[in-house]
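Here is the structure we will look at, set down as structure tokens.
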Amino acid sequence: MAKENVSLSVIRRLPRYHRFLKELLDSGTVRISSGDLSAKMGLTASQIRQDLNCFGGFGQQGYGYNVKDLYEEIGRILGLDKRRKAILLGAGNLGRAIALHMDFSSRGFELVGIFDSNPALVGMDVGGVQVSDSADLESFCKSNHPDVAILCIPKEAAKALAEMLVECGIRGFWNFSHYDLTLDYPNIAVENVHLGDSLSTLCFRVNELEHDRIRKKN
Ligand code: NAI
């Protein structure tokens, strides 16, 4: 059980623990010491202990962690067993790639609808889900009660659509639209994704390495 006020940065590390533990589980590892887990993940053993202690702690002195138990427990903490309903808005290049390649079920979701305003895309099958007309979005939400919306629409369309979706009961956004929803909806869970930010960070880091090499040469 989570202690109160677990920081978002701890929560953000949990999926990574979960992913590493799945790899260990698949490779047949039964238990792992906090030292080995930390070396594998590039974190300190004390960081891992601190993170897991937020949820009561799972390791045993001298034993380490039981991989399966910890994997399942972190999955439970994340709520991955819940199967919440997700809808995707914008069946363009990005939307289709996400619908086709994201393993929703292992992340606690089921993709129940895809919507687009372009009539040419309506009716198209994307990974077993038919694209619906976004004009039908409101009535779909009323009868299906989706929990979260994935926004793969242009920035200009996001504000109005988000407003309507919140009215329809959407409680979380996985937002690729470059429109910052966090300020408008402090009580809604928003995960903004900007792949470009990560690429710019990479640019900075590559530049830094180059500067370091030049400094060392001179
Ligand atoms: P796209 O043009 O292929 O697809 C956008 C789709 O949204 C179109 O099918 C369009 O008909 C639909 N659409 C527009 N307004 C709508 C509305 N009100 N309701 C329902 N559907 C609507 O564009 P692409 O490449 O799929 O990118 C989608 C958006 O994601 C773009 O705005 C792009 O800037 C952004 N993007 C964000 C990334 C990120 O890391 N956050 C990475 C790549 C793209």
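The values are calculated or read from the model by the stated rules, or taken from the named source; none is laboratory data. For clarity, every value in this text was computed on a predicted model and none was experimentally measured. When we count neighbours, we look across all protein chains shown, and the Cβ atoms used for this are built from the backbone with ideal geometry, even at glycine. SASA here: full protein model, heavy atoms, side chains in, ligands and nucleic acids out. Shrake-Rupley method; radii C 1.70, N 1.55, O 1.52, S 1.80 Å.
Here is how the numbers come out for the structure above:
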{"item": "Cut-off under 5 Å, modelled amide H: who pairs with Ile150 long-range", "result": "Ile87, Leu88, Leu89, Trp174"}
{"item": "The chain - charge dipole about Cα centre, Lys and Arg +1 at Cβ, Asp and Glu -1, debye rounded to 20", "result": "980"}
{"item": "Long-range amide H partners of Val126 with built H, under 5 Å", "result": "Val131"}
{"item": "Along the chain, longest interval not containing exposed trypsin sites (Lys or Arg not before Pro), exposed being DSSP loop plus at most 16 other Cβ atoms within 10 Å", "result": "84-170"}
{"item": "For the range 84-196: rounded, prolate or oblate by the Cα gyration tensor [a/c cutoff 1.5]", "result": "rounded"}
{"item": "Net charge, Gly169 excluded, C-beta distance under 11 Å - Lys, Arg +1, Asp, Glu -1", "result": "0"}
{"item": "Nearby lysines by direct alpha-carbon distance to Lys82 (threshold 26 angstrom, same-chain neighbours under 8 apart not counted)", "result": "Lys3, Lys22, Lys68, Lys142"}
{"item": "Zero-based 5 Å bins, Cα pair distances in the chain, whole percents", "result": "1, 6, 12, 14, 14, 13, 12, 11, 8, 5, 2, 1, 0, 0"}
{"item": "Accessible heavy-atom area order of Ser177, Ser106, highest first, probe of 1.4 Å", "result": "Ser106, Ser177"}
{"item": "Apportionment of accessible area to carbon and sulfur, the range 84-196, percent (1.4 Å)", "result": "53"}
{"item": "Estimated [θ] at 222 nm from DSSP helical runs (n ≥ 4, -39500 (n - 2.57)) normalised by residues in the chain, nearest 500", "result": "-14500 deg cm²/dmol"}
{"item": "Per-residue ³J(HN,Hα) for the range 202-218, Karplus 6.51 cos²θ - 1.76 cosθ + 1.60, θ = phi - 60°, Hz, x for Gly and Pro", "result": "4, 4, 4, 5, 5, 4, 4, 4, 5, 4, 4, 4, 5, 4, 5, 5, 7"}
{"item": "J(HN,Hα) series, the range 119-131, from Karplus relation 6.51 cos²θ - 1.76 cosθ + 1.60, nearest Hz, glycine and proline x", "result": "x, 5, 9, 5, x, 5, 8, 10, x, x, 10, 7, 6"}
{"item": "Whether the range 20-139 is rounded, prolate or oblate, judged on the alpha carbon gyration tensor where a/c under 1.5 counts as rounded", "result": "prolate"}
{"item": "Phi to ³J(HN,Hα) by Karplus 6.51 cos²θ - 1.76 cosθ + 1.60 over the range 148-155, Hz, x for Gly, Pro", "result": "10, 10, 9, 9, 10, 10, x, 3"}
{"item": "Reachable aspartates and glutamates from Lys159, criterion Cα separation under 20 angstrom, eight or more residues apart if same chain", "result": "Asp116, Asp133, Asp136, Glu138, Asp147, Glu167, Asp180, Asp184, Glu191"}
{"item": "Surface accessible to a 1.4 Å probe, per residue, for the residues of the chain, Å²", "result": "61"}
{"item": "All aspartates and glutamates inside 20 Å of Lys40 as judged from Cα atoms, apart from same-chain residues fewer than 8 positions distant", "result": "Glu23, Asp26, Asp51, Asp69, Glu72, Glu73"}
{"item": "Gyration tensor (alpha-carbon) shape descriptor, the range 118-170, a/c threshold 1.5", "result": "oblate"}
